[in-house]
1. For region 122-139, what does the Karplus curve 6.51 cos²θ - 1.76 cosθ + 1.60, with θ = phi - 60°, yield as ³J(HN,Hα) per residue in whole Hz, taken in order and with x for Gly and Pro?
2. Please get the size of the charge dipole for the chain, origin at its Cα centre, with Cβ charges of +1 on Lys and Arg and -1 on Asp and Glu, quoted in debye to the nearest 20.
3. With the alpha-carbon atoms as the only input, what is the per residue convex hull volume for region 300-402 in Å³?
4. Take each complete run of DSSP H in the chain, measure how far its Cα atoms stretch along the helix's own axis, and keep only those covering 18 Å or more with mean Kyte-Doolittle hydropathy at least 0.0; list them.
5. What size of dipole, in debye to the nearest 20, comes out for region 585-637 about its Cα centre when the only charges are +1 on Lys and Arg C-beta atoms and -1 on Asp and Glu C-beta atoms?
6. Using only the Cα atoms of region 349-438, what do you get for the radius of gyration and for Dmax, in Å?
7. From the phi angles alone, apply the Karplus equation (6.51, -1.76, 1.60; θ = phi - 60°) to region 35-41 and give each ³J(HN,Hα) in whole Hz, x where the residue is Gly or Pro.
8. If each of F8 and D573 carries a label point 7 Å out from its Cα toward its Cβ, how far apart are those two points in nm?
Amino acid sequence: MVLDMESFAPPIKVESWLRGQPLTSFQRGNVYVVEFWATWCMPCMAAMSYLVQLQEKYKDSGLQVIGVAAHEHARTVDDARTELNAWLTKNLPNLNYRIAFDHTGELSKLWIGASFSCEIPTSFVVDRDGYIAFRGHAMQLDHVLPKVLNGVWRTSDDAKAADTEFPRDKPLVVDLDGSLLLTDVLYESFLNVLPLGFRATFAAARANSKAAVKHHLAEASKLDYATLPYNTGVMDLIQTAKARGRRIYLATAANAKHAKAIADHLGVFDGWFASDAKTNLSGPLKAEKLTAAFGKNGFDYVGNAPSDFPVWDIADKAYGVGLSNSLKRRLVALKGSNYIALDDGNAGRWAWFKTLRVHQYVKNFLIFVPSAASHQFTLANLITDVIAFLAFCACASAVYILNDLLDIKSDRAHPSKRARPLASGLLQLRTGLLMVPALLLFSLMLASTISLEFFSVVVGYFMLTSAYSVYFKRKMLVDVVVLAILYTTRIVAGGVAAEIQVSPWLFNFSIFIFTSLALIKRYVELATRLDRGLPDRSDRNYRIGDLDVVAALAAAAGLSAITIFALYVTSPDVQILYRHPKALWLISPILLCWIARALLMAHRRQMDDDPIVFALRDRISAIAIAAIVAAVLIATF
């Protein structure tokens with residue numbers, strides 16, 4: 001059957017309805033919009049958001065919108081359904097129309113295949129008598145729907161004439177890095193190749209031109225183009241232009257491999273221009289290429305950097321993405337009213353706080369533990385510990401940024417980590433690459449003011465935590481032990497800074513308690529994947545089936561830490577340090593209850609992925625900490 005204008009609309013028969021009541025048949029008297037879409041299709045997001053507005057605008061006129069997810073990529077039907085629900089909840093929280101899931105492909109054949117449509121999103125309008133009145137893009141519906149709803153749309157004539165009412169303007173040419181993308185594929189390629197080892201990165205480093213470097217990195221890298229952060233403002237502009245019948249082109253200084261892959265993924269471009277192994281298509285060279293293709297002032301151009309000025313100069317309209325005030329003034333002087341500003345989506349100060357992991361600085365208060373535990377909390381030690389604390393904060397932030405850069409591909413595939421500023425494009429990768437050495441240098445400068453020994457501890461901490469980010473975190477159980485050592489290193493650093501010998505009791509207790517917390521963190525991560533129906537992570541050695549074993553090991557490590565503390569309370573060391581050492585016995589049951597409760601909260605899925613962050617937000621944990629502090633004060637005074 002061929003589905004064309006004036007054809008009777010095929011039925012909507014699917015087994016799964018993700019949102020709204022199932023629709024058994026089209027009801028005479030109502031007008032329907034049937035939209036075919038997919039979560040991996042970037043243009044679909046703009047179309048679906050627009051349909052939310054249309055449904056609200058025309059709901060009292062008998063309009064009913066139906067979204068059909070018919071092109072999902074997943075291992076199983078259940079995986080696809082789970083991912084669809086998560087995607088809808090995150091991206092369309094105010095969804096006001098039905099969503100059907102066509103996992104068999106039959107519905108797509110009846111509509112998309114029968115109408116010879118070759119792309120999504122595609123919208124079909126079914127009139128009040130059940131006939132196809134229109135097929136096209138959602139952005140055209142605000143023009144079509146009023147006529148269909150009022151009964152003045154003459155299906156044959158109006159459908160054929162619909163395209164002519166949207167003038168075909170000059171081509172729209174879009175830059176890639178920093179414009180269409182909130183990132184730069186050159187840095188993406190570098191970070192993707194870096195874990196492959198010295199040979200792959202050296203091949204690019206020895207190239208004799210920037211174009212050759214880009215070519216080598218592009219050939220060696222394997223980017224996931226579906227998860228790259230796209231600029232929604234630019235995507236909306238492209239979709240609007242596409243709906244008007246305009247031709248869309250991608251023009252980028254990135255390597256041709258990336259340009260072709262992104263153009264193929266988005267499916268909205270009529271052609272592309274890009275760099276090759278010998279030519280870096282940037283600045284005047286790009287302007288020359290586009291002038292030859294479209295003529296001077298024969299196209300509109302979307303760019304974001306000073307290197308785009310030669311192109312803006314010979315373009316008709318200039319779209320500037322996220323420009324600084326000085327660049328905006330230059331572009332206004334150049335183009336006048338033909339300059340249009342676009343948002344780049346970059347965040348402000350909060351993005352830096354999130355990237356630096358300022359909330360994680362609380363872990364560095366462990367540096368003050370040796371001074372407090374040995375009752376040597378003098379003013380000199382306090383000043384030294386504060387400097388040591390700041391040094392560790394800077395060093396830890398450098399490592400967090402490095403870890404985010406190395407994990408950027410896996411973070412974008414994670415349901416929550418993809419919102420991190422570097423992964424989402426709120427902060428540029430080149431900025432992150434510059435901040436790592438800057439923060440490390442600041443940390444080492446502070447460390448050098450304390451002592452050579454403390455300087456060595458900071459260097460060792462950075463090397464170990466970097467090795468954890470690159471290698472150890474992918475090794476089962478070794479990762480949690482290394483995490484415990486990193487926590488304990490903070491305590492050792494506090495002792496070195498204040499020239500206080502860390503007791504074996506404190507050292508061993510720290511190893512076991514932090515091993516327990518690290519195992520609880522792994523338990524939460526595995527439980528999250530189990531609940532969301534996600535497969536085992538390919539970059540970790542843990543399996544979802546290990547949940548029970550991980551919980552048992554966490555409990556064993558926690559109980560071992562409590563046992564060590566109980567033995568410490570009975571040791572001669574306690575008699576020397578405390579006036580009322582028996583008060584310390586109160587701490588053991590508090591710790592026992594806290595560890596047991598942490599495991600239960602993780603089992604009930606009521607814990608964040610980091611137990612320490614959870615403890616800071618949890619009221620019961622705050623009470624437990626206050627009770628421990630009170631017990632220590634009673635024992636001391």
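1. 10, 10, 10, 10, 9, 6, 5, 9, x, 9, 5, 9, 7, 9, x, 9, 4, 5
2. That gives a dipole near 700 debye.
3. Spread over its residues, the Cα hull of region 300-402 gives 126 Å³ apiece.
4. Both cut-offs are met by 42-58, 379-406, 429-448, 452-470, 478-498, 504-531, 547-569, 587-603, 619-636.
5. Dipole of region 585-637, to the nearest 20 debye: 180 debye.
6. For region 349-438, the Cα radius of gyration and maximum Cα-Cα distance read 16.2, 49 Å.
7. With coefficients 6.51, -1.76 and 1.60, one gets 10, 9, 8, 8, 5, 7, 8 Hz.
8. The two pseudo-label positions are separated by 8.7 nm.
The values are calculated or read from the model by the stated rules, or taken from the named source; none is laboratory data. This is a predicted model, so every value here is computed, not measured. Cβ atoms come from the backbone with ideal geometry, glycine included; neighbour counts cover every protein chain shown. What goes into the accessible areas is simple: the full protein's heavy atoms, side chains included, and nothing from ligands, DNA or RNA. Shrake-Rupley method; radii C 1.70, N 1.55, O 1.52, S 1.80 Å.
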